[in-house]
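First the structure, in the form of structure tokens, and then the observations on it.
The values are calculated or read from the model by the stated rules, or taken from the named source; none is laboratory data. Note that the coordinates shown come from a computational prediction; the quantities given were computed from them, not determined experimentally. Here Cβ is always computed from backbone atoms with ideal geometry, including for glycine, and neighbour counts include all displayed protein chains.
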Amino acid sequence: MLDLKELANNFEEISDKLKKKNIDKTLLNSLKELSLKLKEEKAVLETLQAEQNSKSKLFPIYKKEGKDTDELKKELDNNKDKITKTLLKTRELEERLFEIALVIPNIPDESVPSGESEDDNIEIKKILNKPVFDFEPKEHWDLDKKQQWIDFERGVKLSKSRFSVLKGDGAKLERALVNYMLDFNTQRGFCEVSVPFITNKESLTATGQLPKFEDDLFKIEGESLYLIPTAEVPVTNLYRDEILKEENLPIKLTSHTACFRKEAGSAGKDTRGMIRQHQFGKVELVCISKPADSEEIFNLMVKTASDLLSSLNLHHRLVLLCGGDLGFGAAKTVDIEVWLPGQNRYREISSISNTKDFQARRAKIRYKDGKKNRLVHTLNGSSLAIGRTIIAIMENYQQSDGRVLIPKALEAYIR
RNA sequence: CGGGAGAUGGCAGAGCGGUUGAAUGCACUGGUCUUGAAAACCAGCGAGGGUCAUACCUCCGGGAGUUCGAAUCUCCCUCUCCCGGCCA
């Protein structure tokens, strides 16, 4: 959520910055007007409440003195009506205010390039080299005809399209990757946590998936619970409504979860293969830091995910997202795209974001800075999406006879 | 899913419908004492809003109500704990 005080004070600056995200200035303006109006109305309300409070305290005094309280009571009854009316007004304003405030995205960081779509993203650097093949490399679904790791048909039978089943060495590879990634991250100082795959509305609102993106979530019928679209939701919400000790920051966590997405807006996209599924495994990094440290932590997270790919000897590149391609809560995002020789293109395998205080304000995650409570910065990033890593291994480690080798780093993890 | 108990500040735990945002203990912070530490003693110590700073307002699981006045009374919901059933 935006800092409404900031919005009122630096309206032009903030609305300029939000142009990168195509936010209507009139919407921002109504938000500003509402917050000012609410402040005004609240002042009226509080004056009335103060009067009610102080005069109510006269009752025991009057009684002790044997004075008549009828006049006082009449006055206060009257005042109470006013309070009720004003209270209703402020509540209505508040409701309208939050309705808007909760669907306005984060302000892009200074370093974010302007642009409309992924075509305007900026490649930061390439890491390692593309593998060289003396034959035509195949895509993962072709390779799977020999490997028989992925059972697409039966996944559909069990659930629906965009579900699949891993079996044999495919299933083992998935398990090996999870362990390998968690171990890798633990060695880099991230603490492993295991969290619920179902969270409530409050949690999803705090991290920004709700109210705006309800259509992308699987909801549990009859409950206000949802399947998580990413571990970012439960792991960040671990600290919702908490005031952290300064000396415990930064908090660095890693977690493996299944992720569930309806993929509502991507009909027809990536329908072939295992690139885009309703359920996929992911090992996530989540950090909570003091504002001054978040840029450094961000770079550390990018480095961790990139090194992980390098340790599997997979060529990839880092891409800085432009304003138009930035997610709802992110102030800054670096995507890591792995090279897929079969598809002959780079595909996103990790996305690392600094949301700064955007989620922290919604989630009320603060830390004690001396005497004052200040909002923390929250960051999240994948390291990595498991399914896409399997695809990357298949396509990059394929042999001319259609077999797929296992990366050296994983040998100890597959038995 | 059935029966019972409960929900108060970081934790523990008081709290007759009226100067109670809340006793007390622990923890924590500052000070005195000490070569230093411990102990002892003194002081401070919930959150959000508001203000230059005060005032002031809101919050005792959440919501609705009674009242001039609610942490305290009524109703609904949620959650937790204990007993039983079911079950990884």
Inset, instruction - Could you check, for the stretch A:2-15, whether at least one of its residues is within 23 Å of the chain's Cα centre (by Cα), of a type in the set (S, T, N, Q), assigned to a helix (DSSP H, G or I) and at pLDDT 90 or above? - result: yes
Legend entry - Residues that are within 13 Å of RNA strand B (Cβ to nearest atom) and out of contact with any helix residue (DSSP H, G or I) (no Cβ under 8 Å at 6 or more places or on another chain), drawn from the stretch A:340-363: A:Ala360, A:Arg361
Legend entry - Restricting the stretch A:229-248 to residues that are modelled with pLDDT under 95 and in a loop (DSSP other than H, G, I, E, B), the residue that is surrounded by the fewest Cβ atoms within 10 Å (Cβ to Cβ): A:Lys245
Inset, instruction - Considering only the stretch A:84-118, state which residues are over 19 Å from A:Glu13 (Cα atoms), in contact (Cβ under 8 Å) with a residue 40 or more places away in the chain and within 16 Å of RNA strand B (Cβ to nearest atom). - result: A:Thr86, A:Leu87, A:Lys89, A:Thr90, A:Leu93, A:Glu94, A:Leu97
Inset, instruction - May I ask you to list the residues in the stretch A:221-233 that are within 15 Å of RNA strand B (Cβ to nearest atom) and touching a strand residue (DSSP E or B) at 6+ places or on another chain (Cβ under 8 Å)? - result: A:Ser224, A:Leu225, A:Tyr226
Legend entry - From the options A:Lys25, A:Lys19, A:Lys80, residue that is among the basic types (Lys, Arg) and within 12 Å of RNA strand B (Cβ to nearest atom): A:Lys80
Inset, instruction - State all residues of the stretch A:40-77 that are without any contact (Cβ under 8 Å) to a residue 12 or more places away in the chain, more than 6 Å from RNA strand B (Cβ to nearest atom), outside any loop (DSSP other than H, G, I, E, B) and not small (Gly, Ala, Ser); if no residue qualifies, say none. - result: A:Glu40, A:Thr47, A:Ile61, A:Tyr62, A:Lys63, A:Lys64, A:Glu65, A:Asp70, A:Glu71, A:Lys74
Inset, instruction - Assess whether A:Ser30 counts as being touching a residue at least 24 places away in the same chain (Cβ under 8 Å), more than 30 Å from A:Asn121 (Cα to Cα), small (Gly, Ala, Ser) and within 13 Å of RNA strand B (Cβ to nearest atom). - result: no
Legend entry - Failed criterion for A:Leu88 (all others in (1) loosely packed, with under 12 Cβ neighbours inside 10 Å; (2) over 30 Å from A:Lys212 (Cα atoms) hold): (2)
